[in-house]
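Chemist: The following block contains the structure, expressed as structure tokens.
The values are calculated or read from the model by the stated rules, or taken from the named source; none is laboratory data. As the structure is a prediction and not an experimental result, all values here were calculated from the model. Note that we place each Cβ from the backbone using ideal geometry, even for glycine, and neighbour counts take in every protein chain shown.
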């Protein structure tokens, strides 16, 4: 299992029958839970990867996580604006996003699936 130096906090919501995980700190990302079956897992992940970033649990094959957005969401949350003006800032954002998505998959499994 991948570990991270930072522990993230998530809230869960449902919008238009879709389960969303909302990251409560920088980079203020919103992730969607994509349900699947073990038989369709590889195809589901491949399809999602064509559209963007994907994370999934190490052993559970009934869902994956996709990245919907981060930051201010087109001005909806101006206090969450993310400045990326250098390669270092971009790399920090992408590494943090990867860590957060990995934790989101573990969080969803532990708090929803395994309950």
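Chemist: Hand me the list of strands (runs of 3 or more DSSP E) wholly inside the range 3-101 holding 2 or more residues that are without any contact (Cβ under 8 Å) to a residue 24 or more places away in the chain and within 24 Å of residue 113 (Cα to Cα).
Modeler: Strands (runs of 3 or more DSSP E) meeting the threshold: 10-15, 18-23.
Chemist: Looking only at the range 84-97, which residues are out of contact with any strand residue (DSSP E or B) (no Cβ under 8 Å at 6 or more places or on another chain) and under 25 Å from residue 49 (Cα atoms)?
Modeler: 84, 87, 88, 89, 90, 91, 92, 93, 94, 95, 96
Chemist: Would you be able to say whether some residue in the range 68-80 is over 16 Å from residue 109 (Cβ atoms), in contact with a helix residue (DSSP H, G or I) (Cβ under 8 Å, 6 or more places away or on another chain) and at pLDDT 90 or above?
Modeler: no
Chemist: What are the residues in the range 1-53 that are over 24 Å from residue 76 (Cβ atoms), in contact with a helix residue (DSSP H, G or I) (Cβ under 9 Å, 6 or more places away or on another chain) and modelled with pLDDT of 95 or more, if any?
Modeler: 35, 36, 37
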